Structures are given as structure tokens and as C-alpha cells.
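To start, the structure under review is shown below, and the notes come after it.
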Amino acid sequence: MAGRRVECLWKRHVVEQLKQRDRVQRQAFEEIIHQYNRLLEKSDLQVVFSERLQTEKYEQQNRHDLRCSWENFLHHVIELNNQIQQKDKEIQSNEAKMLEYQQQISRLEGECRELRNSLADLERANQTLRDEYDALQITFSALEEKLRKTTEDNQELVTRWMAEKAQEANKLNAENEKDSRRRQAKLQKELADAAKEPLPIDPDDDIEVLSEDAGKGTGETSPSRQTSRAPSRRVSQPPPPAGLLDSISNIFGLSDSVQPGFVPSDSRRRRSANSFGSSPESAEVPSACADVRVPSTALHVFDAHDGEVNAVRFSPGSRLLATGGMDRRVKLWEVVSGRCEPKGALTGSNAGITSIEFDSAGSYLLAASNDFASRIWTVDDYRLRVSISLKTQLSFSGMKTVFAGSSCNDIVCTEQCVMSGHFDKKVRFWDIRAESIVHELELLGRITSLDLNHDRTELLSCSRDDLVKIIDLRSNAVRQTFNAQGFKCGSDFTRVTFSPDGSYVAAGSADGVLYIWNVLTGKLDKTLDKGHSSAINSVSWSPSGAYVASVEKGSKAVLWSDM
């Protein structure tokens with residue numbers, strides 16, 4: 001305890017000494033400290049003022065910068081406002097475009113849905129068509145195989161048929177030759193018997209007595225050859241060129257034929273004119289073509305038949321017009337003052353008429369029909385005289401059957417040659433004496449018709465390649481070709497014709513227009529389109545050159561002229 005008290009005493013003593021020193025030394029330094037404190041206060045105040053000034057200066061600078069920034073900011077704000085307005089406009093425009101695009105998208109989506117539906121329908125239809133195509137392909141393959149077999153069978157049948165027809169033709173030709181020999185033998189026998197009979201002498205007949213010099217000059221010494229009967233008052237004229245019907249008439253005895261005994265030439269002519277009751281007045285005199293007039297007007301349009309009209313032909317005298325149609329009739333019309341007046345009808349055909357031909361005198365009419373037959377009528381009494389059918393196995397003297405290898409669409413003939421137009425595009429030339437083909441001319445289309453000019457030196461042909469051609473019969477080559485824009489051959493039996501003097505060609509088209517070409521210039525001369533309403537089947541030019549007649553697939557016929 002005493003130690004602690006000592007310790008506390010010296011500490012108190014130290015404190016008192018320090019307080020004493022502080023009182024003594026404070027007085028000397030109190031004023032300095034006071035001034036120092038004031039200086040420190042002033043210094044602090046200066047620092048404060050300096051800081052305040054710095055702060056104010058900084059604030060002024062900041063205000064200036066802030067003012068500049070604010071102006072820039074306002075300018076920028078204005079620009080931004082302008083940009084905002086522009087952007088607003090763009091946004092509005094874009095919104096309008098977006099609305100339009102959305103509408104287009106909606107429409108396109110609708111169209112796409114429709115197209116998808118259509119595509120689905122088309123895929124289903126395509127699949128159906130594919131199935132049908134596969135089925136049809138299978139059926140086609142089967143039918144093709146069947147067709148091939150049928151074609152082979154047909155070829156075999158055609159070959160056999162041609163062989164049988166050739167045998168039948170040879171048999172028919174042999175029978176014709178036998179019949180011809182029998183008739184010749186019979187005729188020779190009748191002539192021999194007639195030569196043995198005494199010949200009565202008519203006092204009115206002229207008698208020509210042969211002189212002895214004439215008898216010696218000829219080497220004839222028999223008294224029976226010294227005199228002969230001759231009609232001195234008549235001079236026989238050469239007959240006109242024989243046509244197709246004249247040749248057929250001779251075959252069937254419809255005209256001149258040899259009779260037992262001697263018959264004068266004028267008596268033969270009278271008998272030919274009066275065959276089967278035809279009168280001499282009914283025979284037409286072929287009219288000479290003085291002037292061919294190119295038609296320009298339809299004088300008379302009339303209903304010729306009940307149905308299609310296939311053929312038309314003028315008589316040699318141009319007085320009668322004959323038409324043939326699918327109603328199985330041949331109708332005769334009398335041409336009077338530019339009109340066709342009905343004169344009569346020829347019946348007896350079992351099918352539609354396809355072709356018509358008069359003989360050179362206009363007394364007989366030949367018509368071919370679709371029943372594979374040809375028939376001959378007398379014009380004055382409308383009686384059917386002869387019917388020739390390929391189905392009937394009739395044998396006539398002077399007939400010979402030949403097969404051309406292709407169906408024949410038309411035929412014309414001269415004295416020594418027959419020309420036929422065929423389905424295989426060929427024109428065949430047959431020698432009557434050799435009874436065989438001497439030349440073939442192939443064209444570009446199926447032959448529909450043939451026609452000869454007045455002097456029989458040129459052949460006119462029409463074919464399905466829509467060309468009309470003139471063939472020179474002296475060189476058997478195509479000399480001239482006619483065509484025109486719009487001209488079209490209407491059928492496999494379209495008939496074309498020469499004018500009587502051979503200077504023009506007339507042909508009917510599938511559009512019902514009649515085309516006329518000039519042979520000398522080779523150019524189209526005239527087209528006549530007012531009269532027909534359907535395809536023209538046949539055209540005929542009157543021998544007088546004044547009229548042209550045309551018939552159509554309808555029921556109408558048209559008489560044309562330039563009057």
C-alpha cells in the first residue's frame with residue numbers, strides 16, 4: 001500500500017510540474033499561438049473562399065458548357081423531332097404497306113389453299129388418268145396384237161381372194177373367148193348359108209357392073225363377084241370418137257352390130273337409132289362449141305335430190321342435164337332459158353348413184369352405183385336396158401376382167417387406151433389391144449377423178465392432196481398443176497372437168513366454192529361462192545360452152561353462166 005502511495009505521489013508531482021511549465025511557457029507563446037490560430041483560421045477561410053471561388057468558376061464553366069450542351073441538345077431534339085415525324089410517316093406508310101401486304105398474304109394464302117386443293121384434285125385426277133392409261137395401254141397392247149394377227153389373217157385372206165379372183169377372171173375370160181369363138185363360128189355359118197341363097201335384085205337399086213379389066217386386075221373371074229350393091233346416093237362419114245358408153249353399148253348390142261347377110265350402112269344407122277324403141281328425133285346432135293363462156297352468175301339453184309348429189313353430166317347437145325344422188329335415182333332436167341325444168345327420172349338402181357355418162361348421140365345414159373353395178377337406160381322412154389353387176393357371173397362376148405390391185409375411183413378411155421385413177425395415188429394406162437398396163441403414173445394423193453380434153457391429148461386429174469393436174473398423154477407426164485388458197489378436195493369422188501375447148505378447168509371445193517383456172521396462163525380465173533352451202537361433189541361443163549353445172553353434198557344443184 002505504501003508503495004502504491006509513493007507511486008501516486010511522483011505521478012502527481014510530474015503533473016504539477018507539467019502544469020507549472022505550461023503556465024510559465026504559455027504566457028510567452030500565448031499571443032503567438034493566438035495569432036497562429038488566427039492565421040490558421042484565415043488560411044482555412046482563404047481555402048474555403050478559394051474553394052468557393054473554384055466552385056463558382058467551375059459552376060460558371062459548367063453553366064456555359066451546360067448552356068452550349070442545352071442548345072445542342074435542343075437542336076438535336078428538334079432534329080430528333082423531325083426525324084421522329086419522318087419516322088412516324090414512314091411508320092404510317094409501312095403500316096399501310098404492311099396492311100396491304102397482310103391483305104396480299106391473306107389473298108395469296110387463300111389462293112395457295114385453292115391451289116393446294118386443285119393440286120390435290122389434279123393429283124387424284126392424274127392418278128386416275130394414270131390408272132386409265134395403264135389400263136388403256138394394256139388394252140391397246142392386246143388390241144395391237146389382235147390387229148397384227150387380224151392384219152396377217154386379212155393379208156392371207158386378200159392373197160387368197162386375189163388368187164381366187166384371178167382364177168375366176170381367167171375362167172370368165174376363157175368362157176368369153178369360148179363364147180366369142182362360138183359366135184364367130186355361128187356367124188360364119190350364117191354368112192355361108194346366106195351366100196348360098198339367091199339375092200333378089202331391086203330395080204330401084206343402083207347396079208355397078210365391074211369391067212373386065214377391073215376383074216382381071218383384081219384376079220376375080222367368078223360371075224358372082226362382078227356386081228355389087230352399093231347405096232350410091234349416100235356417103236358414109238367417119239363416126240365420132242367413141243366414148244366409154246359407146247364401147248359398152250357395142251359390147252351389149254345397143255348400137256351397131258353385125259347381122260347375117262348384107263345390110264347397108266344407112267340401114268345400120270337407122271337401126272342403131274331405133275334400138276329399143278328410141279326414135280330418130282330423140283337422138284341429140286352434139287353441139288359444136290363455138291365460144292366457151294366463163295360463168296359468173298348462178299342462174300338457177302334448185303333441190304335436185306333427196307339427200308347428197310354425187311354426179312352431174314350434160315348431154316352431147318347441151319339440152320339435157322342428168323344428176324345422180326344417194327336417193328338411187330338419175331334425174332333428167334331440160335335446160336330452158338337458164339333454168340332446169342324436171343323432165344323425168346331413171347329408176348332401177350339399188351344404191352346411190354356415183355357417176356353418169358351419156359353416149360355420143362345422147363340416146364343412152366350409163367350410171368354406176370354403190371351396189372357394185374352399172375346400168376344403161378334409154379333417155380327417151382326412161383327404160384332400164386342393161387344391168388351389169390360384178391356379183392352376177394354373166395359372160396358377154398368382148399368382155400375381159402382385169403384386176404388393178406387398187407380400188408378405181410374414175411375411168412376414161414380413148415380408141416386405144418383406157419386410163420383409170422386409183423386409191424393408191426396412181427393413174428394407170430391400159431392398152432386395149434394388149435389388155436395390160438402399159439404405164440403407171442404416181443401422184444401425191446389419192447385420185448378422185450379423171451377427164452379428157454376435146455382432142456384427147458390431155459388428161460385432167462384431181463387428187464386428195466388438193467391439186468388439179470394436167471397430164472400430157474403424148475409423154476405420160478404431168479404438164480401443169482393448178483392450186484389455190486382455200487381450194488380443198490372434199491371427198492374421194494370429187495369430179496373436175498375441162499371446158500369443151502380445153503382452155504379452162506373447173507373444180508369444186510370442200511367449202512362450196514367453184515374454182516375456174518385458165519389453162520393457157522395457169523392462173524386462177526374466177527371463184528364463184530354464191531350458190532352452194534356444202535362441199536361440191538361434181539362439176540360438168542356443157543358441150544356448147546354456155547353453162548356449167550355443179551352439185552353438192554347437200555341436195556342442191558346450181559346452173560352457172562355469164563348471162
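Each value in this text was obtained by applying a stated rule to the coordinates, not by laboratory testing. For clarity, every value in this text was computed on a predicted model and none was experimentally measured. Heads up, the Cβs are rebuilt from the backbone with ideal geometry, glycines too, and the neighbour counts pull from every protein chain shown.
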Notebook entry, point to check: Applying the Karplus parametrisation 6.51 cos²θ - 1.76 cosθ + 1.60 with θ = phi - 60° to the phi angles of segment 320-333, what ³J(HN,Hα) value in whole Hz is obtained for each residue in order, glycine and proline being reported as x?
Noted result: 10, 10, 10, 10, x, x, 6, 7, 6, 10, 10, 9, 9, 10
Margin query: Rounded to two decimals, what is the ratio between the C-alpha radius of gyration of segment 20-181 and 2.2 N^0.38 Å?
Written below: 4.05
Next item on the list: Give, in nm to one decimal, the length gained when the segment between Cys8 and Ile437 is fully stretched (0.36 nm per residue of separation minus the Cα-Cα distance).
Entry: 136.5 nm
Note to self: Could you give each residue of segment 460-466 its phi-based ³J(HN,Hα) in whole Hz, using Karplus coefficients 6.51, -1.76, 1.60 with θ = phi - 60°, and x for Gly or Pro?
What the structure shows: 9, 10, 10, 9, 6, 7, 6
Notebook entry, point to check: Per-residue HN-Hα couplings for segment 111-126, Karplus 6.51 cos²θ - 1.76 cosθ + 1.60 at θ = phi - 60°, whole Hz, x for Gly and Pro?
Noted result: 4, 4, 4, 4, 5, 5, 4, 5, 4, 4, 4, 5, 5, 5, 5, 5
Item checked: Distant-in-sequence amide H partners of Asp410 (H built 1.01 Å from N, under 5 Å) -> Gly421
Next item on the list: Would you mind checking Lys178/Lys426; Lys526/Lys556; Lys178/Lys425; Lys469/Lys553; Lys146/Lys426; Lys171/Lys469 for any pair whose Cα atoms are more than 28 angstrom apart?
Entry: Lys178/Lys426; Lys178/Lys425; Lys146/Lys426; Lys171/Lys469
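Using 0.36 nm per residue, how much length does the chain from Leu39 to Asp65 gain when fully extended, once their Cα-Cα distance is taken away?
Taking 0.36 nm per residue and subtracting the Cα distance, the gain is 5.6 nm.
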Next item on the list: Quick one: which residues, 5+ away or cross-chain, put their amide H under 5 Å from the amide H of Asn310? H built at 1.01 Å from N.
Entry: Gly324, Gly325, Met326
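By average Cβ neighbour count within 10 Å, what is the ranking of 99-112, 506-519, 548-561 from highest down?
On the way: 99-112: 10.7, 506-519: 22.0, 548-561: 23.9.
Peptide ranking by packing, descending: 548-561, 506-519, 99-112.
With an 8 Å Cα cut-off and a minimum separation of 6 or more residues, compute the relative contact order for segment 424-504 in percent. Present the calculation step by step, with values, prior to reporting the outcome.
Values: 159 pairs, mean separation 20.6, N = 81.
Reported as a whole number, the value is 25 percent.
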Notebook entry, point to check: Which length gain, in nm to one decimal place, applies between Phe73 and Gln46 when the Cα-Cα distance is subtracted from 0.36 nm times their residue separation?
Noted result: 5.9 nm
Item checked: Convex hull of segment 480-563 built on C-alpha atoms - directionally averaged projected area, nm² -> 5.3 nm²
Note to self: What FRET efficiency comes out for Asp511 versus Thr481 if R0 is 25 angstrom and r is the Cβ-Cβ distance? Round to the nearest 0.05.
What the structure shows: 0.75
Next item on the list: Quick one: which residues, 5 or more positions from Asp466 or on another chain, have an amide H under 5 Å from its amide H? H modelled 1.01 Å from N in the peptide plane, none for Pro or chain starts.
Entry: Cys489
